[in-house]
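Step one of this worksheet: look at the structure below.
The values are calculated or read from the model by the stated rules, or taken from the named source; none is laboratory data. Just so it is clear, the structure is predicted and the values come from calculations on it, not from any experiment. Here Cβ is always computed from backbone atoms with ideal geometry, including for glycine, and neighbour counts include all displayed protein chains.
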Amino acid sequence: MDPLGYWIGFNKVRGIGPARLRALLDAFGSVESAWHADEAALREIGLDRRSLTNLLDARSALDLAAELAKVEQMGADVLTWDDPRYPARLMAINDPPPVLYVRGEICPQDDWAVAIVGTRHASAYGREAAHVLAGDLARAGVTIVSGLARGIDGQAHRAALDAGGRTLAVLGSGVDVIYPWDHAKLAQDLIAHGALISEYPLGTQPEANNFPPRNRIISGLSRGVIVVEAGEQSGALITTDFAADQGRDVFAVPGSIFQRGCLGTNKLIRDGATPVLSAADVLEALNLTSVSQQVEAQMLFPTDATEAALLEQLADDTVHVDEVSRATGLPIASVTSTLALMELKGLVRHCGGMSYMRAREAAPPYGDSR
């Protein structure tokens, strides 16, 4: 049996989320061993009665080879925690989904991504703001992440495609269930220049309780989140909560104080979100003003253990290269040349006077980030 079948099997068991699956893997060593573990062993590691019952029922009912064949027939890909293609930025959040179903392709350049979200009931102003921001960011080489919903999300995806850029849509349904239905054409265009992504098994319908959890994936894939237009109760604000927990920058487009649909974004700004007047504001704040050069640098010079050692020494405060050299035991010439390359990659920032600091969006670049 292909190990992917076991990952898909666990993904279909209600009550087995990231935390419980991690405990199963720690206890049994592999996803296959965990799937075949006997009932007593599963109970011993603390699996609650409902989750245990669901797992035992799934093991007897599911044909894992057939489930895997369905995914392949759909033309979808499956990324798991064990897959080196799994997005490193998403892997670094507290509860990364164990399985991602993907139609299209997640590329290395999608590491330079920004989320654009907002209300489904967008005004003409909100739609135009989303279109301009997404288009300008896409032309700068930034991948646009959103949720394929009507309103702001749809405008952001379409603008990125119109600009010749890439865009990722994170769904609250299976990747074979396009919602809303009138975005079917947009979804097809998106697959050709990005990806549809979901943590939910094929066939999952767009139930209301699926959407809040998927927002952590939208922010987790991104270096920052822009809210274009949102009322006080907008679901887009859930994404900003996840973004804050994940250490992502939050941006908001100012709106009229007289429009109910702008109350949420205006309050975000009042509470500390960065106001956005143009794409340049976002590019500068996230150190994305030279994305194409950063992408080229990362492709030509893969991250190695030396970069990891240097990044570990850099915190939120500036550190002089002499101090980094002493702490790592690396020659000063090696430190300075590597830091210069890391700056091109967007991993560090040069603060003047031969001092550097880690870029806020930089995740550990080497080794297991789980």
- Message: For the structure I just gave you, tell me whether D82 is over 23 Å from the mean Cα position of the chain (by Cα) and surrounded by fewer than 19 Cβ atoms within 10 Å (Cβ to Cβ).
- Response: no
If we ask which residues in region 304-326 are within 20 Å of G352 (Cβ to Cβ), part of a helix (DSSP H, G or I) and in contact (Cβ under 8 Å) with a residue 12 or more places away in the chain, their number turns out to be 6
When restricted to A41, A19, the only residue touching an Asp or Glu at 6+ places or on another chain (Cβ under 8 Å), among the hydrophobic types (A, V, I, L, M, F, W, C) and not assigned by TED's automatic domain parsing to the domain that holds A113 is A19
Only one of T289, T338, T265 is surrounded by fewer than 18 Cβ atoms within 10 Å (Cβ to Cβ) and either among the β-branched types (V, I, T) or modelled with pLDDT under 90 (or both), namely T289
Within region 188-213, the residues that are part of a helix (DSSP H, G or I), in contact (Cβ under 8 Å) with a residue 40 or more places away in the chain and more than 23 Å from R14 (Cα to Cα) are L190, I191, A192
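Take V276 and tell me if it is touching a helix residue (DSSP H, G or I) at 6+ places or on another chain (Cβ under 9 Å) and modelled with pLDDT of 80 or more. Spell out how you get there, then give the answer.
Details: touching a helix residue (DSSP H, G or I) at 6+ places or on another chain (Cβ under 9 Å): yes; modelled with pLDDT of 80 or more: yes.
When the stated conditions are applied, V276 passes them.
Would you say L148 is touching a His at 6+ places or on another chain (Cβ under 8 Å), at positive phi and not small (G, A, S)?
On the way: touching a His at 6+ places or on another chain (Cβ under 8 Å): yes; at positive phi: yes; not small (G, A, S): yes.
The answer is yes for L148.
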Filtering region 141-164 down to residues that are surrounded by 24 or more Cβ atoms within 10 Å (Cβ to Cβ), over 16 Å from P180 (Cβ atoms) and touching a Lys or Arg at 6+ places or on another chain (Cβ under 8 Å) yields T143, I144, A160
Of A92, A66, A88, the only residue that is outside the structural domain of R214 (by TED's automatic domain parsing) and over 23 Å from the mean Cα position of the chain (by Cα) is A66
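Could you check how many residues of region 98-111 are under 26 Å from K345 (Cβ atoms) and not hydrophobic (A, V, I, L, M, F, W, C)? Outline the logic, then answer.
Restricting attention to region 98-111, the residues satisfying the condition of being under 26 Å from K345 (Cβ atoms) are 100, 102, 104-111.
This time we only want the ones that are not hydrophobic (A, V, I, L, M, F, W, C), so: 104-105, 108-111.
Final tally of qualifying residues: 6.
Applying the selection to region 110-140, what residues are more than 21 Å from T274 (Cα to Cα) and either surrounded by 20 or more Cβ atoms within 10 Å (Cβ to Cβ) or in contact (Cβ under 8 Å) with a residue 40 or more places away in the chain (or both)?
Taking region 110-140 and keeping what is more than 21 Å from T274 (Cα to Cα), we get 110-111, 120-121, 123-124, 139.
Selection gives D110, D111, H121, S123.
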Condition set touching a helix residue (DSSP H, G or I) at 6+ places or on another chain (Cβ under 6 Å) and without any contact (Cβ under 8 Å) to a residue 40 or more places away in the chain, scope region 343-358, selection surrounded by the most Cβ atoms within 10 Å (Cβ to Cβ): answer is V348
With criteria (1) in a loop (DSSP other than H, G, I, E, B); (2) out of contact with any helix residue (DSSP H, G or I) (no Cβ under 9 Å at 6 or more places or on another chain), I16 comes up short on (2)
